Structure formats: C-alpha cells, structure tokens
Amino acid sequence: MKSKRDAQLLYFGEIHEKIGVFNLVIDPYVFVCDEEVASVRLTIHKHGLSFLSGKRRIDVPFKEFTIEPSSAQTVKIVNQRELHVRLKLTTIQESTSENSQTQLDDLVSKSGEKQVLNIRCKKCHSNVTHCDRTYSRVLELPSENWQEYLDNWCCHGNEAITKLKDGLNPREHDCFLGDWYILIHPEALNSQNVQVVKKDENHLILCQRCLATLGKLNFSADDAFRNQRCKDIDKSISVHLYKHSISCYWIVNAISKDLFKNFGEEMFLATNFISLTKTRMCHKFIVNKTLLTKNKKDSSLGLIWILKTDTKFFSSLCIANDREEIEGSTNPFSAVKVLYKTYLDDEFQRLKDEWYSNAHTDIVSFPDEICLKLLFLLHENNMKQPPSVRIINGFKVSFLKL
C-alpha cells in the first residue's frame, strides 16, 4: 500500500522594476499517479498559474500583483524539477496594513508634547529605563553614517561640523530615533537593571537579568573615559540602544503599543548593511564577532558581499492536500540580496586573507549572538530558494528581509 503525504509546491520570485523572474520548484509527489509521473499542463493567466495533471488541478494565485500572460517568452525546466518562467508584471500592490513605522511617524509628529515611553529588554521584559518616563522631544536622526558624509564633503576641523555633531547629543528628556537604534540621555537609563562591559573599543550595555546585549555607551571623542574600562554611565554623552533588543511601549490614552514589535535581528542586520553601503565604494564586508583579542582575523565568521539593497522577493511554501486550490500567498517583501561564505565553507580562509589585504573591504563586528543569528538567517533564506539559484561563482546566495 502506497503511503500518502502532503505535496509541497514552492514558488520563489525576484522582482526587478516591472520584470518578475519566477522560479517554481515542484515536489515530485505533486503529480504522481499510480507510480508514474503524469503529464502536466501549465496555464498562465492574469492572476496566477495553474497546473493540471489528469483530473487534479493546483492553482497558485498571485493576489499582490497582476501579470501579462503573453509576456511569457522564456520558459525552461532546470534539473528536471524546476520550472523557470520570466513574466512582466503590470501591477504591484504594497501592503496597506498598519506597521511599526506608521506608529513611529505618529510619535514623531507629536514631538513637543510630553510622551510616555517605557523601554524594556525584549528578551526578559526587565525595565531598561525608569518606568513611565516622559520625553518632551522625540525626533528622527539623519540617515545612518551622516557623520562620514560630512567628513568626506567638508574639510576636517570645521567648527560648524563639530557643533552639528554635538547638537545631536540627546538632552535629559530627548529620544532620538535612528534606522536601527535609538539615542537617549544617560539619566533615562535604569542603572540598577543594566551592567556595562567593555569589549573591543565599545562599552556594551547588558541586561542585568538575562545578560542580553541592549546597546552601548557613547563617549565624547576627546573623553579620557572612552579608552578605559569605565562603567560609570553618567560619564557618557548618550546611550545607544538597539531596536531589535528592546521593546518600546508608547502609552497613549492608557493603551500601550510596542513600537519595535516587528523589529527583529534580521531587520537590524539588513538596515545595518544598507547604512554601511551608502558610504563605501566596495560592498564587501568581513564579519567578526566581538572579542577582547587583538588578532581580529581569528574572530572572522563570514564574508558578506552586498549585491542589491532594494530587491523585492515573493515566496510561499504551499500545502496541497485534497483541495483543488492552494489558498493564501505572501506579499512581496523588500530585502537586501547578498552573496556569502561562512568559516565552514571551502576557500573561506584564502578569500578572507585576500579581502583583508584589500583596502576597500570593511570589517564589521557584532556580538556573538548576532553573529550566530546572521549565519542562521543566511542559511535559512538560502534554503528557501530553488536549488539552481542557491550558489553562484562559489558563493551562496541569500537575502536579509527588511
């Protein structure tokens, strides 16, 4: 007696402007009939694709966009399992659901009024700041790496630049919002619930209860404490907290909303790499874990090559039981497309030494848990793609979702 199992149909696509490249991976069990693979008929229509085998039909609806069926000029089968179709898209619908960015925009629009924000550790919910602390100014920071822009465009030692940089240090009741972090005054921090540890050149802030990395302390450039093992929070000029490590509850009309609920490690890493590429000529990065050792080469875990920072993807793993139609589909999402190698891959050691000798290659350091999360995300997203597009020129292909 032949055992039954759910058939799986994975479709994965990449959108470039108005052109969508559809890569469909068909599980061999989808169209098995009496131990023989039946002939399959593919139909391309305005709102999706249909597969017909004998009396069985599977529909793949694309509810987020419409396509032009007549544009299917390139259709090919790869590895006897993947069907690659190149189609022209006519409409792309963006998600209209309320997200965290909408709430942040509402918060910023009310700057000047007293706003109550409770900042807690996302992992254990311990209070990072004093409970029910009010902020009179909640403002957005300039684009990431704006200081590097100024240094490249203007002469060094410009007093106007120095004043501008100092003007972005938060005052006692200020909260400044960056793309992947926030800045608050040291007085806002609940020193009883956090601890400061110096690693490399950073003074990291850890949760006292669960030891999760929450952020770091910022010191003045000419501050003597900057290069010392100073654990005095009051000596810093600002507190830099990562959005992915904290929950920020905005209390409005007795209703509490977590502004960073959807901001996780993947978005943190994606926005981090985007910010780095804006001021770099070569988008190659060596990822190190933060260590006390001076030999940074020993802490290298991965090589990241940023290809595109504004790519749109769509992907869905559908389960087909006895139903004729597969319900549900995934909205197109923005992501950073990357090539990568990990320390376990072939040629890693040789390429790492080659990249280190290249003056245009940048080195980025993350805490151990973020490095492991990065490797996990890259591997997981690599496996979501069809086998034929997972590797190119010896590098694995992946993405980081925004």
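The values are calculated or read from the model by the stated rules, or taken from the named source; none is laboratory data. A quick note: this is a predicted structure, and the numbers were derived from the prediction, not measured. Reconstructed Cβ throughout: ideal geometry from the backbone, glycine too, with neighbour counts over all protein chains shown.
Numbers below:
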| read-out | value |
| --- | --- |
| Number of positions in the stretch 56-103 that are in a strand (DSSP E or B), modelled with pLDDT under 75 and hydroxyl-bearing (S, T, Y) | 3 |
| Lone qualifier among L139, L150, L117, L107 - being in a helix (DSSP H, G or I), at pLDDT 75 or above, surrounded by 14 or more Cβ atoms within 10 Å (Cβ to Cβ) and not hydroxyl-bearing (S, T, Y) | L107 |
| When residues of the stretch 239-272 are limited to those that are touching a strand residue (DSSP E or B) at 6+ places or on another chain (Cβ under 8 Å) and among the acidic types (D, E), the one nearest to H203 (Cα to Cα) | E266 |
| Pick from the stretch 159-213, criterion of a type in the set (S, T, Y) and at pLDDT 80 or above, ranking: surrounded by the fewest Cβ atoms within 10 Å (Cβ to Cβ) | S191 |
| All positions within the stretch 339-395 that are over 26 Å from F12 (Cα atoms), in a loop (DSSP other than H, G, I, E, B) and either at pLDDT 90 or above or of a type outside the set (D, E, K, R) (or both) | Y343, L344, S357, N358, A359, H360, T361, P367 |
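The rows are residues; the columns are (1) of a type in the set (D, E); (2) assigned to a helix (DSSP H, G or I); (3) at pLDDT below 85.
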position	(1), (2), (3)
F285	no, no, no
N288	no, no, no
D298	yes, yes, yes
L301	no, no, no
I306	no, no, no
D310	yes, no, yes
F314	no, no, yes
